[in-house]
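Colleague: Structure below; questions to follow.
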């Protein structure tokens with residue numbers, strides 16, 4: 001399409017990977033760079049629970065063979081953190097002080113785990129679940145039939161809970177306002193879904209707010225509630241939804257609220273910058289608000305759509321559709337969030 | 001190859017401590033009981049900040065060469081390292097400094113060049129060094145510590161090596177370097193390891209206490225010393241210079257003499273003079289130096305004076321590629337000089353062979369009264385291997401000249417005998433008075449140009465050497481791999497034989513019927529061993545690092561048998577894959593049209 005253009009995509013999850021493959025298909029002559037903080041090539045985060053089913057070699061988790069980036073002439077820059085974007089000069093600066101120019105930039109850095117203020121000081125006593133490395137650390141800390149305490153219980157955490165129950169572990173869910181995030185549901189629905197989780201084997205704790213975490217001998221962790229009661233488990237994992245990873249965009253010259261604000265074509269307020277996935281808030285003419293659209297499938301579709309628009313298309317992302325959560329015929333919680 | 005087999009490559013600029021880091025790594029691994037092969041590449045430029053690479057292969061089973069692709073690559077200087085990133089295998093590790101001092105342009109950082117299937121590891125070596133030592137000079141030790149921590153190598157073993165390396169300096173120097181190493185170690189140990197490089201401990205009972213890391217040049221020096229060399233005359237030339245440097249230090253301690261002469265001609269002249277006087281004398285040079293020495297070597301041949309010349313080949317002709325390896329001086333070593341000037345030429349194939357050949361060269365020179373050339377090359381000169389030196393010197397003591405004790409009558413220094421070996425005398429011996437000259441001579445050594453005499457003397461000087469191919473205690477040629485009839489035979493010499501062995505064993509694992517033979521004695525050629533090998537092989541491949549196929553010509557010309565040549569002159573060792581591909585091609589059917 002445009003010989004010599006340099007497309008840079010920050011974030012190599014499903015949005016970023018979908019974007020670069022789409023860019024290459026639509027612009028064979030372009031220079032394409034895919035940047036990620038991960039040291040691994042692209043794997044789907046939703047595949048991480050497979051680790052507990054025996055897929056412990058990261059190579060078996062990869063969504064595509066690493067060599068595909070060579071075949072597509074895409075420069076994959078891993079272990080690379082972007083410190084800042086200069087939207088006017090159209091440059092980005094890595095933490096290792098390398099300055100790279102771009103013609104068009106797509107940001108799909110996703111979200112990082114959100115942690116309530118009261119629990120921030122206990123971060124080192126908890127296990128995250130965003131990367132392969134995280135999955136490995138959880139598996140190492142979790143004995144056979146061990147107990148995992150899920151705090152919050154967003155849809156990512158509940159996806160993991162399904163696997164952990166299947167693999168013979170015990171799961172305690174400390175439910176709260178983030179349970180079933182990002183679904184917005186009423187109290188009755190919530191109660192119905194929690195009951196389904198109980199039937200599936202999850203020990204559900206409600207009405208108690210965790211305020212502290214302690215290291216213990218065995219099991220290794222205790223979660224303390226505001227009423228001084230406590231529960232014990234081998235691993236404590238926070239699942240309180242996600243916050244867009246946009247720190248490096250401060251000063252880039254794009255409009256932001258919690259995420260990068262984009263129009264339905266996923267273009268930001270800067271002519272050369274697009275955003276896709278959990279990092280962006282998309283304007284909805286119907287709702288007259290910027291809104292996040294989460295879910296594995298949405299993220300992938302956004303990446304591909306942004307790439308098409310960066311290469312001349314003018315497609316709009318459907319921001320009206322909301323995804324559903326319910327109970328399937330076998331009595332298990334089912335969510336469109338998990339749709340791939 | 002089973003178990004640990006990991007090749008580390010460290011790349012930096014001169015002054016970065018690249019070679020020093022590699023040195024500590026290989027010595028530590030050897031001391032732990034691993035088998036180690038290592039090779040350092042230095043810049044050709046004397047001034048400036050040229051590229052240095054230290055490659056260290058660590059294995060439990062014996063390896064024979066460096067691997068084409070390293071498993072772990074450490075960059076101490078991205079500008080130099082970037083062109084080599086592709087040498088790291090898939091799922092291997094690329095380790096680098098992720099905190100350069102200043103802003104750098106696009107593409108100048110190594111992270112831009114790491115292949116998708118390689119695993120990146122970034123750490124702030126410079127900053128860590130600055131923090132724990134007060135400056136960035138020890139960042140090579142930080143980086144080395146990072147590797148050791150990442151792969152769970154024992155910290156104490158490195159401490160000991162670092163202590164030994166800086167033993168002659170103030171204790172604070174060791175302390176600073178250990179501190180830097182430990183800081184790097186902690187950083188590496190805390191990193192989530194994602195590559196599939198495994199450093200399993202050496203087998204129980206593996207004893208590295210007697211193992212020494214030696215280069216080919218180092219082993220050559222050790223061989224010369226263990227053979228009780230009396231004096232050495234040399235003129236510096238890459239890659240042989242370190243032989244002279246080591247002897248300058250070590251030889252006087254043993255009562256010997258080392259003299260740096262004004263040029264190579266003087267060096268060989270003094271060596272022959274000392275040999276004539278009964279000393280065990282040697283010189284060392286490279287191809288250009290040997291070219292200058294050939295006239296004097298002719299004197300040694302016709303006057304039947306023992307001498308030992310170590311020749312480490314480099315890329316040629318002329319100044320050529322002084323810091324690159326090549327095997328293109330075979331013709332010069334075997335044939336160089338005027339007239340029929342056959343001499344003994346030995347070409348060891350590994351570091352231990354350098355020791356053996358250098359030591360036994362004196363024995364051969366004295367017994368056969370002739371110059372002996374030990375032909376090595378830069379790859380072998382600078383390559384490190386684990387060697388366990390013998391506890392007892394394995395070389396014969398200096399021969400006692402035959403004239404000792406004689407009292408009367410003319411001494412026929414060049415007498416015709418059944419085995420062609422004449423009685424030898426040194427100046428000053430009673431009864432050993434004789435003439436010595438570069439002119440053709442009679443049995444007394446007096447000039448004699450009669451046709452029959454020249455015919456007989458020429459035959460004498462030629463035939464007496466043939467027995468050298470059956471000299472006890474010397475491996476002149478040896479077959480490896482399958483015995484009996486095979487499809488493909490690979491004949492090799494010098495440093496390339498390591499790659500040949502690796503390729504042959506790889507081909508054998510693929511089901512190809514093959515066998516390899518190394519030729520250590522290039523002159524006279526041990527036909528009695530090589531010919532049966534040809535008889536057993538449907539086709540014989542000769543890989544060597546020269547353009548003209550010099551061993552191929554020598555062998556096919558001597559035996560009158562065809563060979564297939566595989567010649568490379570890239571300045572680098574021949575790649576195992578190159579040889580393996582040729583073996584596969586030959587195994588598919590009759591030889592193609594390139595048989596020599």
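The values are calculated or read from the model by the stated rules, or taken from the named source; none is laboratory data. Not measured: the values here are computed from a predicted model. Because the Cβ atoms are built from the backbone with ideal geometry, glycine has one as well, and the counts that use them run over all protein chains shown.
Colleague: Tell me, yes or no, whether segment A:79-101 has at least one residue that is surrounded by fewer than 16 Cβ atoms within 10 Å (Cβ to Cβ), within 13 Å of chain B (Cβ to nearest Cβ) and under 30 Å from residue A:336 (Cα atoms).
Modeller: no
Colleague: Could you tell me which of the residues B:205, B:218 is modelled with pLDDT under 95 and either more than 14 Å from chain A (Cβ to nearest Cβ) or surrounded by 24 or more Cβ atoms within 10 Å (Cβ to Cβ) (or both)? Before you say what the answer is, go through the steps one by one.
Modeller: Details: B:218 fails: modelled with pLDDT under 95.
Answer to the check: B:205.
Colleague: May I ask you to say which residue of A:130, A:144 is outside the structural domain of residue A:63 (by TED's automatic domain parsing), in contact with a strand residue (DSSP E or B) (Cβ under 8 Å, 6 or more places away or on another chain), in contact (Cβ under 8 Å) with a residue 24 or more places away in the chain and assigned to a loop (DSSP other than H, G, I, E, B)? Spell out the reasoning first.
Modeller: Details: A:144 fails: in contact with a strand residue (DSSP E or B) (Cβ under 8 Å, 6 or more places away or on another chain).
After ruling out the rest, the residue left standing is A:130.
Colleague: For residues in segment A:51-78 being assigned to a loop (DSSP other than H, G, I, E, B) and touching a residue at least 60 places away in the same chain (Cβ under 8 Å), which is nearest to the other protein chains (Cβ to nearest Cβ)? Break it down into steps so the answer makes sense when it comes.
Modeller: Taking segment A:51-78 first, the residues assigned to a loop (DSSP other than H, G, I, E, B) are A:54-57, A:61, A:63-67, A:72-73, A:78.
If we keep only those that are touching a residue at least 60 places away in the same chain (Cβ under 8 Å) too, we end up with A:56, A:61, A:78.
Numbers: A:56: 12, A:61: 12, A:78: 5 Å.
Applying the filter and picking the extreme gives A:78.
Colleague: Next question, about the same structure. Return yes or no: is residue B:142 more than 12 Å from chain A (Cβ to nearest Cβ), under 24 Å from residue B:19 (Cβ atoms) and either surrounded by fewer than 23 Cβ atoms within 10 Å (Cβ to Cβ) or free of Cβ contacts under 8 Å to residues at least 12 places away in the same chain (or both)?
Modeller: no
Colleague: Right, something else. Among the residues of segment A:289-340, which ones are farther than 18 Å from residue A:274 by Cβ and part of a strand (DSSP E or B)?
Modeller: Of everything in segment A:289-340, those that are farther than 18 Å from residue A:274 by Cβ and part of a strand (DSSP E or B) turn out to be A:289, A:325, A:326, A:327, A:333, A:334, A:335.
Colleague: A further question follows. Mind listing just one residue for me: the one in segment B:438-464 that is touching a strand residue (DSSP E or B) at 6+ places or on another chain (Cβ under 6 Å) and assigned to a loop (DSSP other than H, G, I, E, B) and, of those, surrounded by the fewest Cβ atoms within 10 Å (Cβ to Cβ)?
Modeller: Top of the filtered list is B:439.
Colleague: Just to be sure before I move on: is residue B:300 in contact with a helix residue (DSSP H, G or I) (Cβ under 6 Å, 6 or more places away or on another chain), at pLDDT below 95 and assigned by TED's automatic domain parsing to the domain that holds residue B:234 in the structure I sent?
Modeller: Taking the combined requirement at face value, the residue does not satisfy it.
Colleague: Still on this model: Provide a single number: the residues in segment B:422-432 that are under 13 Å from residue B:277 (Cα atoms) and surrounded by 15 or more Cβ atoms within 10 Å (Cβ to Cβ).
Modeller: So the count comes out to 5.
Colleague: Specify the residue that is nearest to the other protein chains (Cβ to nearest Cβ); the eligible residues are those in segment A:102-125 that are modelled with pLDDT of 95 or more and in a strand (DSSP E or B).
Modeller: A:105
Colleague: Please verify whether segment B:85-100 includes one or more residues that are in a loop (DSSP other than H, G, I, E, B) and surrounded by fewer than 19 Cβ atoms within 10 Å (Cβ to Cβ).
Modeller: Just the residues of segment B:85-100 that are in a loop (DSSP other than H, G, I, E, B), to begin with: B:98-100.
Still in the list and also surrounded by fewer than 19 Cβ atoms within 10 Å (Cβ to Cβ): B:99-100.
Looking for residues that are in a loop (DSSP other than H, G, I, E, B) and surrounded by fewer than 19 Cβ atoms within 10 Å (Cβ to Cβ), one finds at least one in segment B:85-100, hence yes.
Colleague: So in segment A:16-37, with the set limited to residues that are buried (at least 21 other Cβ atoms within 10 Å of the Cβ) and assigned to a loop (DSSP other than H, G, I, E, B), which one is nearest to the other protein chains (Cβ to nearest Cβ)?
Modeller: A:36
Colleague: So, one more: Quick one: is residue B:30 closer than 20 Å to residue B:157 by Cβ, crowded, with 22+ Cβ neighbours inside 10 Å, at pLDDT below 95 and assigned by TED's automatic domain parsing to the domain that holds residue B:178?
Modeller: Numbers: closer than 20 Å to residue B:157 by Cβ: yes; crowded, with 22+ Cβ neighbours inside 10 Å: yes; at pLDDT below 95: yes; assigned by TED's automatic domain parsing to the domain that holds residue B:178: yes.
For residue B:30, the condition - closer than 20 Å to residue B:157 by Cβ, crowded, with 22+ Cβ neighbours inside 10 Å, at pLDDT below 95 and assigned by TED's automatic domain parsing to the domain that holds residue B:178 - is met.
Colleague: Right, here's the next one. Looking at B:58, B:95, B:72, can you tell me which residue is within 12 Å of another protein chain (Cβ to nearest Cβ), touching a helix residue (DSSP H, G or I) at 6+ places or on another chain (Cβ under 9 Å) and under 30 Å from residue B:211 (Cβ atoms)?
Modeller: Among B:58, B:95, B:72, only B:95 is within 12 Å of another protein chain (Cβ to nearest Cβ), touching a helix residue (DSSP H, G or I) at 6+ places or on another chain (Cβ under 9 Å) and under 30 Å from residue B:211 (Cβ atoms).
So that you can scan it fast, the table gives a plain yes or no per residue for (1) in contact (Cβ under 8 Å) with a residue 24 or more places away in the chain; (2) over 25 Å from residue B:524 (Cα atoms):
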residue: B:371; (1), (2): yes, no
residue: B:378; (1), (2): yes, no
residue: B:394; (1), (2): yes, no
residue: B:419; (1), (2): yes, no
residue: B:423; (1), (2): no, no
residue: B:430; (1), (2): yes, yes
residue: B:435; (1), (2): no, yes
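Colleague: Could I ask something else about it? Find the helices (runs of 4 or more DSSP H) located wholly in segment B:298-406 whose residues include 2 or more that are closer than 30 Å to residue B:31 by Cβ, and list them.
Modeller: Filter on segment B:298-406 gives B:351-368, B:378-382.
Colleague: Going by what's in this entry, would residue B:180 be described as at pLDDT 95 or above, in contact with a helix residue (DSSP H, G or I) (Cβ under 6 Å, 6 or more places away or on another chain) and crowded, with 21+ Cβ neighbours inside 10 Å?
Modeller: yes
Colleague: Where residues in segment B:101-114 are within 7 Å of chain A (Cβ to nearest Cβ) and farther than 20 Å from residue B:191 by Cβ, which of them is surrounded by the fewest Cβ atoms within 10 Å (Cβ to Cβ)?
Modeller: B:102
Colleague: Looking at segment B:256-288 only, could you name the residues that are part of a loop (DSSP other than H, G, I, E, B), touching a strand residue (DSSP E or B) at 6+ places or on another chain (Cβ under 7 Å) and within 17 Å of residue B:312 (Cα to Cα)?
Modeller: Looking only at segment B:256-288, we keep the residues that are part of a loop (DSSP other than H, G, I, E, B), and these are B:256, B:261-263, B:277-280, B:286.
Filter once more, keeping what is touching a strand residue (DSSP E or B) at 6+ places or on another chain (Cβ under 7 Å): B:256, B:261, B:279, B:286.
Within segment B:256-288, B:286 is the sole residue that qualifies.
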